[in-house]
Amino acid sequence: MQTYDFIIVGSGSAGSVLADRLSISGRFSVLVLEAGGSDRRFYVQMPLGYGKTFFDPAVNWNYKPEPDPGLAGNVDHWPRGKLLGGSSSINAMVWIRGAREDFDDWRDAGNPGWGYDDLLPGFKALEDNEAGADRWRGTGGPLHITDTTNAVHPLTRRYLAAGQQAGLPLNPDFNGAAQEGVGVYQISTRNGRRMSAARAFLRPAMKRKNVRVETNALASRILFEGKRAVGIEYLQNGETKTARAGREVILSAGSINSPQLLQLSGVGPSSLLKGLGIPVVHANENVGAHLQDHVGINYTFKGNVPTLNQILRPWWGKLLVGMQYILTRSGPLSLSMNHGGGFFRTDPAFSRPNMQLYFQAFSTVIPKSGERPILTPDPWPGFSIGLSNCRPSSRGEIMIRSSNPLDYPRIVANAYSTNADVDEMLAAVKFVRKIASMPAMAEIIAEEVLPGPSIQSDADLIQDFRKRSGTVYHPVSTCRMGPDAGAAVVDPRLKVHGLEGLRVIDASIFPANITGNTNAASVMTGWKGAELVLEDQK
């Protein structure tokens, strides 16, 4: 059995950062275990290629939660990255840090060092923002952020104008002084290629002699000596292998796999573990509990002017944008599907926005088997205005079904399970229609396709968003951070309560969800977590 200073389970948004930061001095040896394979795939590197990876089992866990009463009994689809870079290799690349108040709430809940002012230097240090450095933005860091202001589809300008006509300010930087308003999204790309955590952090680390990355290596159990984590058992190529950690085992497997691995290893709700015949190493009812996620819906319109549908659907259009991308690394294939967006409050009494907007200059009403039809949109000029809630009050859980590490855990999302979540979404979809009714948008809309003009009453609107909503892929909080071992899984230094030599460092530690996409905050968690680990080394 080989021994390393650190074993990191998962090479995703946080794990890749940890591998880089813990190995850069040359002082420590690092083993990274990744359940998936390489990220060197065309549709991974091409930004808009994530339509192809949306269901691809070669790079995607393809989780299915339980049928959800809150979603009219539907079974949602939860893509999670199963490759180097994790979900940062298959996500929509929108770079949003979250609101100042989100992190200040974390700090005020008893987690010193996690307030916005504490984290801002880390955000700036890890970024290389094309928009330039200022009080909030950083340049020169490992992860390049692209300013897409001059690259987005012309219809985005109409959306921005309509948002302002509906009462929202124009916001040039959602990661700047304030979040509220409409604007163009910054995305994690560089020179037309996806800037995943693997590309920014893991690939440089892999060139070092003190870093070893094992792919197709599924962690099956944390090895303990008493209450101390001393290694990992993993499955690779049909064999069971083990590796030992001289200093720490770090779980960075994400909000589904980190609680799953803890539970498989005897850390979790005691009744669950005993019922499955798993010896209890440390009982903690919070492992896998408190699941939070953002839930969203699209309102789709048929336009009377061309949209991206007219260029992305026909064979000649695919050829054209394909040649443009291959030759110049530009054009629609170099961008996210979300060209514009924004944040707004459904109640002016709220201290910060509680809803996020997305503008897509194409539509995908007609499904396509085996993929998200981003690259084959509808045969008519369509576009969508989407939205998702930012800090829902609904809570779910992720619990293992058996002691077999190959069995997917049971995911219970509980979307829209509180009246507050239903009420705010009802107000939010009405605001989407308000934006669409503003002159800048109304004059190019031929008709509302989804949900359609027949859906007008509050009851019908609620029924519609229950039927058509789904995750926007931001699950958090299943190993949440907090000072109280009775209410959290890790402490403010990300050490697992009641155990030694074991941390969780990924989005599962978020005490609560943030206002916006979770990838940037996940990368920051890896950066901050690495600082904490290094501070504690003697």
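For the condition buried (at least 20 other Cβ atoms within 10 Å of the Cβ) and either modelled with pLDDT under 95 or not basic (Lys, Arg) (or both), ALA520 qualifies.
Cβ-Cβ distances below 8 Å connect the following pairs, each with a first residue in the stretch 257-269 that is surrounded by 24 or more Cβ atoms within 10 Å (Cβ to Cβ), a second residue that is assigned to a helix (DSSP H, G or I) and among the polar types (S, T, N, Q), and a separation of six or more residues or different chains: SER258/SER508; PRO259/SER508. Regarding MET438, is this residue surrounded by fewer than 20 Cβ atoms within 10 Å (Cβ to Cβ), in contact (Cβ under 8 Å) with a residue 12 or more places away in the chain and not polar (S, T, N, Q)? Criteria met by MET438. Under 21 Å from VAL476 (Cα atoms) and open to solvent by less than 10 Å² (accessible area, probe 1.4 Å): is that true of ILE398 in this structure? Answer is yes for this residue.
If you scan the stretch 232-255, which residues turn out to be on the phi < 0 side of the Ramachandran plot, within 28 Å of the chain's Cα centre (by Cα) and not charged (D, E, K, R)?
Matches in the stretch 232-255: ILE232, TYR234, LEU235, GLN236, VAL249, ILE250, LEU251, SER252, ALA253, SER255.
Can you confirm whether the stretch 501-508 contains a residue that is at pLDDT 95 or above and under 18 Å from ARG107 (Cβ atoms)? Yes, there is a match, as at least one residue in the stretch 501-508 is at pLDDT 95 or above and under 18 Å from ARG107 (Cβ atoms). Total residues in the stretch 203-217 satisfying the condition of being outside any helix (DSSP H, G or I), open to solvent by 10 Å² or more (accessible area, probe 1.4 Å) and of a type in the set (A, V, I, L, M): the figure is 2.
Just a yes or no: is a residue in the stretch 95-113 under 19 Å from the mean Cα position of the chain (by Cα) and open to solvent by 40 Å² or more (accessible area, probe 1.4 Å)? Yes. If you go through the stretch 392-450 and keep only what is among the acidic types (Asp, Glu) and either touching a Phe, Trp or Tyr at 6+ places or on another chain (Cβ under 6 Å) or farther than 30 Å from ASN304 by Cα (or both), you end up with GLU397, ASP407, ASP421, ASP423, GLU424, GLU448. Applying the condition of being part of a helix (DSSP H, G or I) and free of Cβ contacts under 8 Å to residues at least 60 places away in the same chain to the stretch 119-139 and asking which residue is least open to solvent (accessible area, probe 1.4 Å) yields LEU120. Are any residues in the stretch 446-473 within 30 Å of PHE55 (Cα to Cα), outside any strand (DSSP E or B) and either touching an Asp or Glu at 6+ places or on another chain (Cβ under 6 Å) or free of Cβ contacts under 8 Å to residues at least 12 places away in the same chain (or both), and if so, which ones? Passing the criteria: PRO451, GLY452. The single condition from (1) touching a strand residue (DSSP E or B) at 6+ places or on another chain (Cβ under 8 Å); (2) part of a helix (DSSP H, G or I) that THR515 fails is (2).
Selection within the stretch 33-63: residues that are aromatic (Phe, Trp, Tyr) and outside any strand (DSSP E or B). The member of this set that is least open to solvent (accessible area, probe 1.4 Å) is TYR50. Scanning the stretch 233-255 for residues that are among the β-branched types (Val, Ile, Thr) and buried (at least 21 other Cβ atoms within 10 Å of the Cβ) turns up VAL249, ILE250. Of all residues in the stretch 314-350, those that are more than 19 Å from ARG194 (Cβ to Cβ) and either in contact with a strand residue (DSSP E or B) (Cβ under 8 Å, 6 or more places away or on another chain) or crowded, with 19+ Cβ neighbours inside 10 Å (or both) total 6. Picking from residues in the stretch 166-202 that are part of a helix (DSSP H, G or I) and open to solvent by less than 20 Å² (accessible area, probe 1.4 Å), the one that is nearest to ASN91 (Cα to Cα) is ALA197. As a summary of the residue check, ASN91 satisfies the conditions (1) more than 20 Å from the chain's Cα centre (by Cα); (2) in contact (Cβ under 8 Å) with a residue 40 or more places away in the chain; (3) within 20 Å of VAL472 (Cα to Cα); (4) open to solvent by less than 50 Å² (accessible area, probe 1.4 Å) except for the one numbered (1).
Pairs linking a residue in the stretch 146-165 that is open to solvent by 30 Å² or more (accessible area, probe 1.4 Å) to a residue that is part of a helix (DSSP H, G or I) and of a type in the set (S, T, N, Q), with Cβ atoms under 8 Å and 6 or more positions apart or on different chains, are ALA151/SER334.
Every listed requirement among (1) among the aromatic types (Phe, Trp, Tyr); (2) in a loop (DSSP other than H, G, I, E, B); (3) in contact with a strand residue (DSSP E or B) (Cβ under 6 Å, 6 or more places away or on another chain) is met by TYR416 save one, (3).
The values are calculated or read from the model by the stated rules, or taken from the named source; none is laboratory data. Computed from a predicted structure; not experimentally measured. Here the Cβ is made from the backbone with ideal geometry for all residues, glycine too, and neighbour counts use every protein chain on show. Just so you know, the surface numbers come from the protein's heavy atoms only, side chains and all, with ligands and any DNA or RNA stripped out. Shrake-Rupley method; radii C 1.70, N 1.55, O 1.52, S 1.80 Å.
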